[in-house]
């Protein structure tokens, strides 16, 4: 911290003595107003930013009109849990039942269906595109009569809570750009994720926990694993306080959260007070809003030293809860454990929780891969829905399940009655949404007989993100941030709409 001393440290002027151009002061003042720093009076600057961080009077930019109080209208959901299946689960083995395909086993996919689609390098050189029907049975469940794969028997029992969307589509054909696109609205890294936009727009409901929490699940498979990086929960050009905080499954849930040996809590408090005092002095002199964000992060970290251990202490959970999520929920880092943690985070007012589950990239041996993966996520997913419902949380908690794109109906590589693979398919795929203002027991959209093209009610991933924001009370056209001369939005500049047919 020697760079922040208010007196000269050795020779030459200190940072606090350097002149600051008026133009830079003006730019930082504008940024501060856009980053929710509400009060501009003397020494209260830092503490006003903290109030913003914990949601007391949070604001967000509405176009060029300046800050506007959010939410824009009464939200149906106070919080969201996003179950993201990285690698792209096959819609043909989960939610898009195509019984007529059994009659077309090993027939060439008609060119009229494929329509000259650009293929990935993994199947573009194939001489044939043989149809591979799913080997798994489907049944109808609940009053809604959802067709659900036998791979998801537990999820099927809570399917009446869902709106299943069969007509999602995207432009991206490979994993990294596709995962970035659905999570941040752009294939280019450096843009804020959906959780960061929600944090920026709505602020926190709990001053002792982050607004946006990320949980990555242990791998049930170790082939075709999509890499996950912090860019997927990055705040991008927003203030870093809006980035997702990743909780770890081993050691400290948050790295470096515990005090070092020999450093008691009162000493850590004194250290933070000293650093914050220097940072406030630096802000008074220079005015960079990132200084306030740094103060807020130090304060949040100190409070999390108490709140996070309480969050991760599952000793008081009754047996009925373990019965819902299954035995793997007792193993930190598993998908089941993370689903239970998501419920606990929802109870404590965390605004946005995202669980990542990997391994769904089934280019070969798809039936065996899907059995393993679906078994890993089926019971915990159903348990999460049932647990939220029995606690009265589902009505105002939005739950979203899905991946970055779909899979092809034709087989990649060899095809037999018991084994096949599927390539990437951006033209159509399935997801579901539940709780938080979503219409129960409905199906939105329809694909052709091959689950290859959308024939009714297409829904772009921009529409999905616009709808998620709407359910949280946010108008996606008014939640923006000026960066590089543009009013940046999660839904970008291409047309996007709220899909009102799936709203309760």
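The values are calculated or read from the model by the stated rules, or taken from the named source; none is laboratory data. Not measured: the values here are computed from a predicted model. Here the Cβ is made from the backbone with ideal geometry for all residues, glycine too, and neighbour counts use every protein chain on show.
Is it fair to say residue 342 is in a helix (DSSP H, G or I), in contact with a strand residue (DSSP E or B) (Cβ under 6 Å, 6 or more places away or on another chain) and either modelled with pLDDT under 95 or buried (at least 18 other Cβ atoms within 10 Å of the Cβ) (or both)? Judged against the criteria, residue 342 is a match. Looking at 225, 198, just one residue is within 25 Å of residue 471 (Cβ to Cβ) and touching a residue at least 40 places away in the same chain (Cβ under 8 Å), and that residue is 198.
You will find that of 265, 307, 315, 320, the residue that is loosely packed, with under 15 Cβ neighbours inside 10 Å, under 24 Å from residue 248 (Cα atoms) and either within 25 Å of the chain's Cα centre (by Cα) or at pLDDT 80 or above (or both) is 315 and no other. You will find that of 414, 437, 441, the residue that is surrounded by fewer than 24 Cβ atoms within 10 Å (Cβ to Cβ) and within 18 Å of residue 146 (Cα to Cα) is 441 and no other.
On the basis of being within 29 Å of residue 177 (Cβ to Cβ), part of a loop (DSSP other than H, G, I, E, B) and at pLDDT 95 or above, does residue 407 make the cut? No. Quick check on residue 232: is it closer than 25 Å to residue 476 by Cα and within 20 Å of the chain's Cα centre (by Cα)? The answer is yes for residue 232. With respect to the conditions (1) part of a helix (DSSP H, G or I); (2) closer than 14 Å to residue 314 by Cα; (3) under 20 Å from the mean Cα position of the chain (by Cα), residue 329 falls short on a single one, namely (3).
Assessment of segment 316-326 against the conditions (under 28 Å from residue 194 (Cα atoms) and either touching a strand residue (DSSP E or B) at 6+ places or on another chain (Cβ under 9 Å) or in contact (Cβ under 8 Å) with a residue 40 or more places away in the chain (or both)) yields at least one matching residue.
Residues in segment 347-377 that are closer than 24 Å to residue 312 by Cβ and not in a loop (DSSP other than H, G, I, E, B): 347, 352, 353, 354, 355, 356, 357, 358, 376, 377. Among the numbered conditions (1) surrounded by fewer than 18 Cβ atoms within 10 Å (Cβ to Cβ); (2) under 30 Å from residue 309 (Cα atoms); (3) in contact with a helix residue (DSSP H, G or I) (Cβ under 9 Å, 6 or more places away or on another chain); (4) modelled with pLDDT of 85 or more, the only one that residue 188 does not meet is (2). Could you grab me the full set of residues in segment 70-85 that are out of contact with any helix residue (DSSP H, G or I) (no Cβ under 6 Å at 6 or more places or on another chain) and closer than 22 Å to residue 164 by Cβ? If the condition is that a residue be out of contact with any helix residue (DSSP H, G or I) (no Cβ under 6 Å at 6 or more places or on another chain) and closer than 22 Å to residue 164 by Cβ, then 80, 82, 83, 84, 85 are the ones that fit. Per the listing 445, 473, the residue uniquely within 18 Å of the chain's Cα centre (by Cα), at pLDDT 95 or above and at positive phi is 473.
When residue 381 is tested against (1) within 22 Å of residue 358 (Cβ to Cβ); (2) in a helix (DSSP H, G or I); (3) over 16 Å from the mean Cα position of the chain (by Cα), just one condition goes unmet, and that condition is (3). The set of residues from segment 484-503 being surrounded by fewer than 20 Cβ atoms within 10 Å (Cβ to Cβ) and either modelled with pLDDT under 95 or not in a loop (DSSP other than H, G, I, E, B) (or both) comprises 484, 485, 486, 487, 492, 493, 494, 495, 500, 501, 503.
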